[in-house]
Amino acid sequence: MSNRIYRFFIGRYGVDDLYYFNLIVYLMLFICNIFLQSTIILVLEGIIVLVTFCRALSKNIVRRRKENNFYLKIKNNILKFFILLSKRFKDRHTHMYKKCRYCKTTLRLPLKKGNHTVKCPNCQKRFDVKCRRDEKIKVEVIKKKGLKGS
Ligand SMILES: [Zn+2]
């Protein structure tokens, strides 16, 4: 019996990142549907489970890898966007972010008031950048201890 099961799984695609993503989406829909009781969401859950298990048991490994790579590409682009957003927020007082006019690469430049010529490290072309504000100097406020009593 176990030999038959073993032979069934030989050459099958198996589990990948997209498989786990589908399971997470399924679980989120399942939890939402406990409260909403929607037939549409129930059908959607069924489709997701069916597609997920069909992918895992598929023998067309090349196509499943392409689907997974497509998913990973989208996921990485979304992650990059949020990482850049958090960096911009952290550097907002010391640096500015400008896109290169020619290759659309995002450049991180120090804040210095005035007009500057910037050379893009990616495409080696020069372009003008205007900066309206200067670097904010963080002023640390040291609390002075008040005199207590006398
Ligand atoms: Zn460039």
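Bear in mind these aren't lab numbers, they're just calculated from the coordinates by the rules spelled out. No experiment lies behind these values; they were computed from the predicted model shown. For neighbour counting, all protein chains shown are included, and Cβ atoms are generated from backbone atoms with ideal geometry for every residue, glycine included.
Here is how the numbers come out for the structure above:
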item: Residue in the range 6-16 that is of a type in the set (A, V, I, L, M) and not in a loop (DSSP other than H, G, I, E, B) present; result: no
item: Which listed residue, of 108, 101, is assigned to a strand (DSSP E or B) and within 16 Å of the ligand (Cβ to nearest atom); result: 108
item: Selection from the range 28-70 of residues that are among the β-branched types (Val, Ile, Thr) and within 18 Å of residue 15 (Cα to Cα); result: 47, 48, 49, 51, 52, 61, 62
